[in-house]
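Bear in mind these aren't lab numbers, they're just calculated from the coordinates by the rules spelled out. What you see is a predicted model; the values in this text were computed from it and never measured. All Cβ positions, glycine included, derive from the backbone under ideal geometry; neighbour counts span all protein chains shown.
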Amino acid sequence: MRKIPCRHLVLILGDQLDEASSALEGFDPAQDVVLMVEAFEESTHVWSHKARTTLFLSAMRHFAQGLAQRGFDVDYRALDTHGDKTLADGLRAAVAARQPAQIIGVEPGDMRVRGALDLAMNSIAAGAGNDWAAGQKHLINWREDKHFLCSPAQFRSWAGKSASLRMEFFYRSMRRQYKVLMEGDQPVGGQWNFDADNRKGFGRAGPQAVPVPLQFGQDSITAGVIALVEKYFPDHPGDLGRFNWPVTREQALMALKDFIDQRLPHFGAHQDAMWTNLDFGWHALLSSSLNLKLLHPLEVVLAAEQAWRERDLDLPGVEGFIRQILGWREFMRGVYFLDMPTLKTANHFGHRNALPAWYWTGETHMNCMRQCIGQTLTHGYAHHIQRLMVTGMFGVTAQISPQALCDWYLAVYVDAVEWVELPNTAGMALFANGGRFTSKPYVASGAYVKRMSNYCGGCRYEPETRVGAQACPLTTLYWNFLDQHEATFADNPRTALMVKNLQRMAPAVRADVRLRAREMLADLDSL
Ligand code: FAD
Ligand code: SF4
């Protein structure tokens with residue numbers, strides 16, 4: 001029976017699919033209603049990959065079905081039945097229909113969403129005039145998101161007034177707090193970080209015996225969402241032919257087990273390596289499940305630690321994996337809430353170039369970009385080094401506007417939610433915040449890509465060539481970037497050696513590099 005008026009209207013957003021969510025604490029099925037809204041704007045404010053939209057909608061529908069089966073009253077506003085343009089539209093309509101005494105939600109992981117929802121409800125509250133109580137009931141009671149291991153307040157206190165933040169120290173405090181990979185107060189193996197052991201290429205033979213990730217198949221909910229996405233967003237980027245992301249907690253738990261059993265033992269050594277048609281390697285493929293909150297970060301960390309203890313796995317690989325979740329993931333979230341809204345507009349280098357059109361199609365002569373973007377369009381996935389050292393690194397040296405690139409990253413990955421996408425893109429990949437948590441920009445020449453992949457073998461360009469028609473754009477633009485920022489790079493001990501190499505270049509060659517770079521920068525679309 002529909003409850004009107006209801007006591008609590010509990011808003012659950014698409015990346016809050018956690019039955020233990022703080023929004024549901026104290027939920028009384030007899031008096032309260034869950035509200036879930038599918039809104040067009042969430043797929044259009046950036047030009048979302050079809051797989052990203054499919055994942056969110058399918059996971060939301062499965063989650064709502066699970067709640068309904070457990071007796072929750074769920075007001076589900078689907079795109080094809082309600083057609084809400086924005087989340088705020090859906091919320092406003094539900095408030096009018098359900099007349100709640102209180103609206104409850106969990107802090108959104110995207111400040112745009114929070115701002116829009118608060119604004120919508122504030123305007124209704126303001127309309128209540130002098131009736132204080134009527135105004136209050138329209139304000140959203142935001143609860144803390146307990147799905148993370150470090151709250152924004154804890155991170156703020158850890159960061160203090162430091163201008164520069166280092167993940168490594170944060171990570172050590174998290175290891176101590178959660179007693180992960182610890183022997184008393186000391187790290188197991190006598191070291192906090194084994195990253196140096198984790199950066200191997202594949203060698204000439206390429207990757208061997210790569211496990212195939214678990215296949216989930218598509219039930220009628222996912223099939224229905226795929227048809228809906230093809231109908232409403234036909235021109236959006238990406239492909240749905242190989243959609244295989246977990247859409248329920250059960251599937252996410254299966255994906256976790258599959259990773260721990262099959263890929264964790266070899267995760268570390270090759271986590272930075274890339275190879276043609278190697279779409280997933282030994283990576284976890286768990287970011288979308290974590291970000292949708294189908295999995296809890298601590299259960300993932302503890303599953304890896306337990307596997308290491310029970311199966312005598314290689315410590316560097318397991319430590320490296322745990323660091324990504326207990327360290328980087330929590331750190332990025334802390335940075336997001338600490339540095340917003342300025343992070344969103346940060347542009348340390350003042351880069352203004354438009355995003356080349358081939359970022360949306362993969363149709364470029366640069367094989368490394370073609371491979372990484374092609375894989376992104378097929379799956380909505382690329383691993384960290386592909387995002388950082390290929391599409392991201394090109395973005396810095398090609399002087400592309402950080403905001404254009406951030407929008408692209410937010411659009412094309414199935415795991416993209418702003419709290420994690422923005423610090424990774426603007427902060428880590430693009431140095432747009434001036435190195436708030438990185439000691440130098442991540443820039444390298446085509447030689448790096450050649451060392452870590454086989455991409456250069458199938459490319460029209462030559463990684464070592466700096467000028468002329470065969471010049472590798474990554475290489476030319478890298479030297480040009482160093483040339484432009486020579487003084488700053490010379491001052492930084494971590495980049496001083498790069499400048500020494502630049503200074504060994506004959507002045508005439510240096511002038512040719514500048515010239516070739518200028519031609520490339522003037523027509524990025526043609527590369
Ligand atoms: P694995 O490489 O196997 O790592 C295991 C887990 O660690 C991941 O599932 C993820 O939850 C976590 N993790 C690893 N690195 C990071 C990191 N730097 N920040 C936060 N968590 C991390 N990750 C997202 O979840 N969403 C994004 O929108 C996103 N955008 C990125 C943009 C750029 C430019 C870069 C350089 C990185 C971005 N990352 C993002 C981080 C990272 O690339 C992905 O988390 C990872 O590739 C997901 O694949 P996986 O699950 O196979 O992870
Ligand atoms: Fe990329 Fe340059 Fe190698 Fe081509 S030659 S794949 S552009 S790094």
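Below is a table of values for the structure above.
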item: Most positive-pole-ward Cα, Pro246, His296, Tyr381, against dipole of the chain from beta carbon charges; result: Tyr381
item: Phi-based couplings in Hz for segment 260-266 (Karplus 6.51, -1.76, 1.60; Gly and Pro marked x); result: 4, 6, 9, 10, 4, x, 10
item: Whichever aspartates and glutamates have a C-alpha closer than 17 Å to that of Lys231, once near sequence neighbours (fewer than 8 apart) are set aside; result: Glu38, Glu41, Glu42, Asp80, Asp84, Asp239
item: Antiparallel DSSP beta bridges within the chain, as percent of all bridges there, nearest 5; result: 10 percent
item: Eligible aspartates and glutamates near Lys440 by straight Cα distance, threshold 14 Å, same-chain separation 8 or greater; result: Glu486, Asp491
item: 3J(HN,Hα) from dihedral phi, segment 21-29, Karplus parametrisation 6.51/-1.76/1.60, rounded to Hz, x for glycine, proline; result: 4, 5, 4, 8, 5, x, 5, 10, x
item: Relative contact order, percent, segment 445-504 [alpha-carbon distance under 8 Å, six or more residues apart]; result: 23 percent
item: Among the listed pairs Lys85/Lys146; Lys85/Lys257; Lys161/Lys200; Lys200/Lys500, those beyond 32 Å (Cα-Cα); result: Lys85/Lys257; Lys161/Lys200
item: Packing rank of 112-119, 397-404, where each peptide gets the mean count of other beta carbons within 10 Å, highest leading; result: 397-404, 112-119
item: Cβ crowding within 10 Å averaged over residues, with 66-74, 324-332 ranked highest first; result: 324-332, 66-74
item: Packing rank of 340-347, 472-479, 14-21, where each peptide gets the mean count of other beta carbons within 10 Å, highest leading; result: 472-479, 14-21, 340-347
item: Length-normalised contact order for the chain - Cα pairs under 8 Å, 6+ apart - percent; result: 16 percent
item: Radius 11 Å from Cβ of Val74, net charge of other residues (Lys, Arg +1; Asp, Glu -1); result: 0
item: Leu35 long-range amide H proximity, modeled H, under 5 Å; result: Val10, Leu11, Ile12, Asp75
item: For Arg143, residues with placed amide H under 5 Å, excluding near neighbours; result: Gly105, Val106, Glu107
item: Phi-based couplings in Hz for segment 423-429 (Karplus 6.51, -1.76, 1.60; Gly and Pro marked x); result: x, 5, 7, 5, x, 7, 6
item: Over the chain: helical MRE at 222 nm, DSSP H runs n ≥ 4 each giving -39500 (n - 2.57), nearest 500; result: -12500 deg cm²/dmol
item: Globularity ratio of the chain, using Cα Rg and 2.2 N^0.38 Å; result: 1.01
item: Value of relative contact order over segment 1-105, rounded to a whole percent, pairs C-alpha under 8 Å and six or more apart; result: 46 percent
